[in-house]
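Peer 1: Could you have a look at this structure, given as C-alpha cells, before my questions?
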Amino acid sequence: MLGLVENHSLPRTAAFFDLDKTVIAKSSTLTFSKSFYQGGLINRRAVLRTAYAQFVFLAGGADHDQMERMREYLSALCKGWNVQQVKEIVAETLHDLIDPIIYDEAASLIEDHHIAGRDVVIVSTSGAEVVEPIGELLGADRVVATRMVVGADGCFTGEVEYYAYGPTKAEAIKALAASEGYDLSRCYAYSDSITDVPMLQSVGHPYAVNPDRALRREATARDWPILVFNRPVRLKQRLPAFSMPPRPALVAAAAVGAAAATAGLVWYASKRRQSTPA
C-alpha cells in the first residue's frame with residue numbers, strides 16, 4: 001500500500017498524522033478529564049461538560065465554530081493549572097486511557113511508514129502536555145501541538161502561545177519540510193476533519209480517515225482515498241508486530257522556516273532514532 005522502502009539518495013519524506021479520530025478513537029484532551037478531576041484540577045460540572053463535548057466530537061466531529069468555542073473553553077479552564085502536575089497526571093494515566101483507544105489500522109500504518117524509512121509526525125490541535133507523551137507511546141519522530149503560555153510560577157496563564165489548527169498545521173508542516181529536508185510531494189498525510197484540508201493538500205499523498213461529512217465530500221471531489229479505522233486495540237496486544245526499536249525521549253525544539261514566521265512560534269517535539277538507515 002505504501003510502496004517500497006525509501007531510496008535514501010532521494011530527499012527525505014514523512015507521514016503526518018492528525019491524532020483525534022485518526023490515530024485514536026476519541027479526543028485526546030477530553031479523555032483525560034476524569035483524571036484531571038481526580039487530581040483536583042477541575043470540578044464535577046467541568047467533567048460533565050467535557051463528557052458532552054466528547055459525545056458531540058464523536059457523533060459528528062467539530063466544525064470551525066465548535067473548535068473555536070472548545071479552544072476558548074479549554075484555555076479558560078486550564079488557567080492556573082500547574083504544568084508539572086498536568087504532566088504527572090498524564091504520565092500516570094496515559095497507558096490506561098490512551099493505549100486501549102489506539103486504532104489498530106493506524107498503528108499498522110505508523111509501523112509501515114517507519115519500515116519504509118519515513119519519519120512519522122503527529123500534528124494535533126490538542127495541547128503538547130498531552131500530545132507529546134502520546135507521540136512517544138506511538139513511536140512518533142516528531143510532534144506538532146498547541147502550546148499554552150506558562151507563567152513564571154509554572155502555571156498556565158490561559159493564553160495560547162501557538163494554536164495548531166487549520167492553516168497553521170500546514171504552515172508547521174512546510175516549516176518542518178524546510179528544516180528537515182522533506183519532499184512534500186512524496187509525503188503522506190492523514191486526517192478525519194474538514195479543518196485539516198490545508199494540511200492534506202500540502203502533501204502528495206493525502207488520505208481522509210473516518211472523515212466527517214464535509215471532508216468526505218471534499219475527498220470525493222478531489223479523488224483522495226478514504227480510509228475507515230474501527231478497530232481500537234492495546235499496543236501490547238499487537239506485539240511483537242508493533243515492537244519499535246528503543247528511542248531517545250522527546251525533546252522540545254523550535255521549527256524554523258518562513259512558514260514559522262507566519263504562524264508565530266511553531267514548536268515540535270523531536271527525537272531521532274538511535275540507528276540511522278545506511
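Peer 1: Which GluC sites (Glu not before Pro) does region 71-131 hold that lie in a coil by DSSP with at most 13 other beta carbons within 10 Å?
Peer 2: On the way: sites: GLU72, GLU88, GLU92, GLU105, GLU111, GLU129; in loops: none.
Within region 71-131, no GluC sites (Glu not before Pro) qualify (loop, at most 13 other Cβ atoms within 10 Å).
Peer 1: Another question, then. Taking the Cα centre as origin and putting +1 on Lys and Arg beta-carbons and -1 on Asp and Glu beta-carbons, what dipole magnitude results for region 103-234, to the nearest 20 debye?
Peer 2: Value, rounded to 20: 460 debye.
Peer 1: Search the structure for amide H atoms under 5 Å from the amide H of VAL160, placed 1.01 Å from N in the peptide plane, and list their residues when 5 or more places away or on another chain.
Peer 2: Long-range HN contacts for VAL160: VAL149.
Peer 1: Let me ask something else. For LYS79, give me every one of the aspartates and glutamates with a C-alpha distance below 19 angstrom, ignoring sequence neighbours fewer than eight places off in its own chain.
Peer 2: GLU68, GLU88, GLU129, ASP153, GLU159, GLU161
Peer 1: Using each residue's phi in region 84-95, evaluate 6.51 cos²θ - 1.76 cosθ + 1.60 at θ = phi - 60° and report the 3J(HN,Hα) Karplus result to the nearest Hz, with x for Gly and Pro.
Peer 2: 3J(HN,Hα) across region 84-95, in whole Hz: 5, 5, 4, 4, 5, 5, 4, 4, 6, 10, 3, 5.
Peer 1: Taking θ = phi - 60°, what integer Hz values does the Karplus form 6.51 cos²θ - 1.76 cosθ + 1.60 yield along region 131-138, in sequence order, with x for Gly and Pro?
Peer 2: 6, 4, x, 5, x, 5, 4, 7
Peer 1: Could you pull out every residue, at least 5 positions away or on a different chain, whose amide H is within less than 5 Å of the one on TRP81? Hs are placed 1.01 Å off N in the peptide plane, and Pro or chain starts have none.
Peer 2: PHE156
Peer 1: Tell me, what is the 1.4 Å probe accessible area of ASP96, in Å² to the nearest 10?
Peer 2: For ASP96, solvent-accessible area is about 110 Å².
Peer 1: Can I ask one more? Would you kindly find the accessible area of HIS95, with a 1.4 Å probe and non-protein molecules such as ligands, DNA and RNA excluded, rounding to the nearest 10 Å²?
Peer 2: Here the residue's solvent-accessible area equals roughly 100 Å².
Peer 1: Further question: Through the Karplus equation 6.51 cos²θ - 1.76 cosθ + 1.60, θ set to phi - 60°, convert the phi angles of region 205-215 into ³J(HN,Hα) values in whole Hz; use x for Gly and Pro.
Peer 2: Here the 3J(HN,Hα) series is 10, x, 10, 8, 10, 6, x, 5, 4, 5, 5 Hz.
Peer 1: Return the long-range amide H neighbours of LEU227 (sequence gap of 5 or more, or a different chain), with a cut-off of under 5 Å between placed amide H atoms.
Peer 2: ALA208, VAL209, ASN210
The values are calculated or read from the model by the stated rules, or taken from the named source; none is laboratory data. Quick caveat, the model's predicted, so the values are computed rather than measured. All Cβ positions, glycine included, derive from the backbone under ideal geometry; neighbour counts span all protein chains shown. Keep in mind that these areas ignore ligands, DNA and RNA; they rest on the heavy atoms of the full protein, side chains included. Shrake-Rupley method; radii C 1.70, N 1.55, O 1.52, S 1.80 Å.
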